[in-house]
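Participant: Here it is: the structure, laid out below.
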Amino acid sequence: MNRPFTFLRDSLSYHSDGSENKRGGMMYDGSEAVVWCSLPRSDEDFKFCSSVMDDMPFSQLDLGVDHDEDYVDVELDVESISKLVSQSVLCDEQEINEDGKTSRKYKIKTDDLNVIQTIVSEEVLEYEQQALIKLIDAAVELVRKDPLNESNEPHLVLLAHCVSSSVVASAISSWKEQQLQNQQSPQRVEDLLHQALTVVTFGNSCRSFCDGPAYIHISMFDDPWTNAFGAHSGNEEGSGGGRNAVYFHAYSPYDDEDTNETQHTNLKSHNAHNLNSCLIQYLCLIMRINGIQSFRALYDSARFVDPTAILDINPKHFAVNYSNHGELVIPPRIDDELLPAMIFATGGDQWLWDNGDETQTDFDEVLPDEIEARSHLEESFGYSVFEEIQETCCRQKVIKRY
């Protein structure tokens, strides 16, 4: 196939009625083929993310499998057990004595089986890895043949949330290792990856992203899973997010949840890790504020350093420092005003995880009402923007809490 990513973007991606009518949007210009690499998700889940990003077309690559039962028995070594116990993932401990040997038996929720995969090993199922490697191969081959992209072929972008990021990282590492075994120069391989591939992660749980691709890592400061297992700018042992990675962090509206007293029994135990009710809205805000229409443009703008900018005072002494990422403008009130307002306007409150112990009133206390949300958004983006966002997201009356 001569134009694989044009085919991927135009024929294999989900296109809403809005994207068909607009033939472009505020946050996409058709220059990229965007692939969601994720655990099996519902159609409504997938379509919601597209609507928040102004009807951006996505294709999807499922990673992992569904399970029929709620719990399964697993065998782990001591180190793995200690890590999982620290996050309260393992439950129902039983001590068993057989043949003079003492062992402990645990149960783990099937929703969290991929956490075991992330912590215990970097291995992934062969099918998923090969599918990703084929995508990377095609993207790099296009760069080799047409380094200036005179054919105007879309750029490959991989999106991954949570443990899916470890599958993507493993596939990229495997592809890179194969190229190095063919006696290619490491610098050449990394340059090709950097030009051919952009990777965007949301609340990742991996610290082994190899150098090469253009990485954008988005997470919340109060996300217990990314803080424990993922790559973020505050890691003491090196971020592990890949060379020249870009990090976007903020505090979620749910940071009042007591992370010390709350047991994080599964991946849905804290809404700071919630893609549909926090992370996708934060990315949307950054791109909308800065007029960014592609993920690669977002990366390039964040990495930009103006060679003519010579300051006679350290920016840390400014009363307000709007730009912390190259050319990008990041308002200081983005996490305490704009993010909660965008969550409400897009209908992200319908996707909150209640974990069986929180009530509607609790969520209403951390998110603004319609009047406050409208005020914050129209102050930043102009009159009638609240209605435009709601119309795009097709907000429903049914509350979808998990």
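The values are calculated or read from the model by the stated rules, or taken from the named source; none is laboratory data. Bear in mind that the values here come from a model prediction, so they are computed numbers and not experimental data. Note that we place each Cβ from the backbone using ideal geometry, even for glycine, and neighbour counts take in every protein chain shown. We work out accessible area using only protein heavy atoms, side chains counted, and drop any ligands, DNA or RNA first. Shrake-Rupley method; radii C 1.70, N 1.55, O 1.52, S 1.80 Å.
Participant: Looking at Tyr247 and the list (1) in contact with a strand residue (DSSP E or B) (Cβ under 7 Å, 6 or more places away or on another chain); (2) farther than 19 Å from Asp335 by Cβ, which single condition is not satisfied?
Facilitator: Evaluating Tyr247 over (1) in contact with a strand residue (DSSP E or B) (Cβ under 7 Å, 6 or more places away or on another chain); (2) farther than 19 Å from Asp335 by Cβ leaves (2) as the failure.
Participant: Tell me, which residue of segment 239-293 that is part of a loop (DSSP other than H, G, I, E, B) and open to solvent by less than 10 Å² (accessible area, probe 1.4 Å) is modelled with the lowest pLDDT?
Facilitator: In this case the residue turns out to be Ser269.
Participant: Open to solvent by less than 30 Å² (accessible area, probe 1.4 Å) and part of a strand (DSSP E or B), is that true of Ala171?
Facilitator: No.
Participant: Right, here's the next one. Sort through Gly234, Gly240, Gly203 and tell me the only one that's out of contact with any Lys or Arg (no Cβ under 9 Å at 6 or more places or on another chain) and closer than 18 Å to Ala160 by Cβ.
Facilitator: Gly203
Participant: For Tyr14, indicate whether it is at pLDDT below 70 and of a type in the set (Phe, Trp, Tyr).
Facilitator: Here the answer is no, as Tyr14 does not meet what is asked.
Participant: For segment 175-194, does any single residue satisfy the condition of being part of a strand (DSSP E or B), modelled with pLDDT of 95 or more and not small (Gly, Ala, Ser)?
Facilitator: no
Participant: Please work out if Arg188 is more than 17 Å from the chain's Cα centre (by Cα) and open to solvent by 20 Å² or more (accessible area, probe 1.4 Å).
Facilitator: The answer is yes for Arg188.
Participant: Here's another thing I want to ask about it. Going through segment 282-299 one residue at a time, which ones are charged (D, E, K, R) and closer than 20 Å to Pro340 by Cα?
Facilitator: If the condition is that a residue be charged (D, E, K, R) and closer than 20 Å to Pro340 by Cα, then Arg288 is the only one that fits.
Participant: While we're here: When residues of segment 322-373 are filtered for being open to solvent by 40 Å² or more (accessible area, probe 1.4 Å), of a type in the set (A, V, I, L, M) and modelled with pLDDT of 90 or more, how many remain?
Facilitator: Number satisfying all stated conditions: 1.
Participant: Tell me which of these Arg207 doesn't satisfy, since it passes every other one: (1) over 25 Å from Asp62 (Cβ atoms); (2) without any contact (Cβ under 8 Å) to a residue 40 or more places away in the chain; (3) among the basic types (Lys, Arg).
Facilitator: (1)
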